[in-house]
Every structure is written in C-alpha cells, then in structure tokens.
Amino acid sequence: MALPVLSSSAVKFRRVLAHFPQELSLAFAYGSGVFRQAGASAEQGETNMLDFVFAVDDAVTWHMTNLSKNRSHYSFLKFFGPKKISTVQRYGAGIYYNTLVPCNDRMIKYGVISTDALIEDLFHWKTLYVAGRLQKPVKILAQNENSRLQAALVSNLKSAVTAAFLMLPESFSEEDLYMQIAGLSYSGDFRMIIGEDKSKVQNIVKPNVTHFQKLYSTILQDCPQVVYKHHLGRLEIDKSPEGQFTQLMALPKTLQQKITALVNPPGKNRDVEEILLQVAHDPDCGFVVHQGRSGAVSIYCICSPISEGWLKEKGEKIQEINREMHS
C-alpha cells in the first residue's frame, strides 16, 4: 500500500526532480511551499522555499552522481567526496541537507536519507524527523516498489493515530485528532518554544483537513478501537485500561522505551509489557505518553515561571505514579 498521491498538479515539482539523479526509492515535497498554511497568502506560497526529501538505496553512488551534476549545491564537504558526505549523513537524524539552492526560478532545499534509515525511523521513530514529516500531508513525487518501505510508510501513519488516541479524550473531533498527530513531531522541539510561531500546528492543520483525511480515513475506518462518525467529523475511542494497553503495545519501539524509562526507577529490571500495563491503568496515561514522546523535561527549563511550575506539578505526578507502580 503506497501513500496516496495528492491529485493536484505536481508538474513544477517534477521539473525540479528532473535536475537530480533518478535512483530514488522515495521523493516527496513538503512544507509551506507545497501546502498553504493559515495566515499565509497565496502569493507567499508561490515564493516560499520548496522543501524536498529524497530517499536513496545507495547514498555514496547517489551523492557521487549528484556531485557531477550539481556540485555547486554542496558546502565545502564536496571537496571530501561522496563517501565523506555519506558518512556525515548518517549522524543525527540520518539526513543530509543542501539548502538555499536556486532551481527553476525558485529557492529549494533538499534532504537525502538512506532508504534503510528512513525505514528504521518510520517503524521505530528513532528520531521522528522524516517520519514526522510523513505523518502530515506531503506531495509524493516518486516511489518505487520496495514493499518494506511501503509497509513502513503505512506503519508510521498507524503509529501516529495510536499515539494520538492515547493523548486524546474518549470523544473528539477529526480536527482534534489531526492537531494531535501534526504536533507529535514538534513535542519537545526547541524551535516551538522560542523562535517559531507557537500556532504552527494549528496553521498546518486548519487549511488542510481534507488532505489529512486522505492520509488517515482508511486507517480510521479499519481500526477496531474507534467509532469513526465520518459524517459528523467525530470519533470515539476505547479508553478502558484494556484498550489503552493494546494501544501502548502497538506504539513504536523507541516511544515505548521512553515511556518505560520515564516511569521505571533506575536499577529496576521490569518487562516493558508489565510497565505498559501499569501505565494503561493510570488516569494520567495520556500525559505519560506525551512526556515520553517529548522526552524533553529539561527543555522546559527555558520556559516562563508558569511553565516551570506546571512542569514541577507534572513531575511530582510522575513520581506519584512511580510510587504507586512500585508499592
């Protein structure tokens, strides 16, 4: 099952793609240059930088070919050759970006990630950097028949729905769901605390609800734990401990590990399943999942005194959960 390709014309994006080596397992465009955001004019959308991600099976060969075609795109690393660039690419989120590249009378940036690193992120949310972008509407420009990649793309969407369910109440609107999903990759993001518009998630979702529906409607209709009232735009989810445990067990491995590390005291050697079962029975299960997702208790230290007080209160709640779980 491939991600749905949005129906609007992609000619201008494919013209950009033609400038690059074509050995791509996946290529997509994303961001405000592709999908309009609230508060932005149509003219801004036509002038904003275009953002692309290219997934490649063989990063060394791809960069070698791209260096011969587009050497000016690279920083000083071009002098070290494709092997060095590919080595640098493996650090951090596993993606290498060339930015501020003029192309077809527009400014673009493009990131290159190995197919294996992308699949790892989609399945396990190791960094949620590219996986997070693929939880929001993107314009798919190329996708090969790699069945493992296709399965990972769908798994990422299902995981996003599951994580959102755990952080939402029993009944909620479709827009609430998409707001929660769009915010997953921003949880604990330093840029969302200072330097970027804190309404970014809302600005992404509100003008693009129909695009989110194209991504998620089939998953919601097939999910046995939700009643999807499509005609009303509302959903009801199973919030019983049993239902929450099923959802917790379906989360990506990295998020499960963060949740268990959060509530399990150091030195204890308890099974993940046992810990998640305890979390499922806690009234603050959704908050624990949120904290596990952000993994960013320390990031809040730069916030206002009110936020610090909120964090202290919630930190005390986690300690209380720990005591109850181990009493």
Exercise. Can you run phi through the Karplus equation (6.51, -1.76, 1.60; θ = phi - 60°) for region 135-144 and list ³J(HN,Hα) in whole Hz, with x for Gly and Pro?
Worked result: 7, 10, x, 9, 9, 6, 10, 7, 7, 8
Problem set entry | Under the Karplus curve 6.51 cos²θ - 1.76 cosθ + 1.60, θ = phi - 60°, whole-Hz ³J(HN,Hα) for region 76-83, x wherever Gly or Pro sits | 4, 4, 4, 6, 9, x, x, 5
For this session: Could you check how many percent of all C-alpha pairs in region 11-146 are farther apart than 22 Å?
Result: 36
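Rule-based calculations on the coordinates, nothing more; no lab input. All values reported here derive from a predicted model rather than from experimental measurement.
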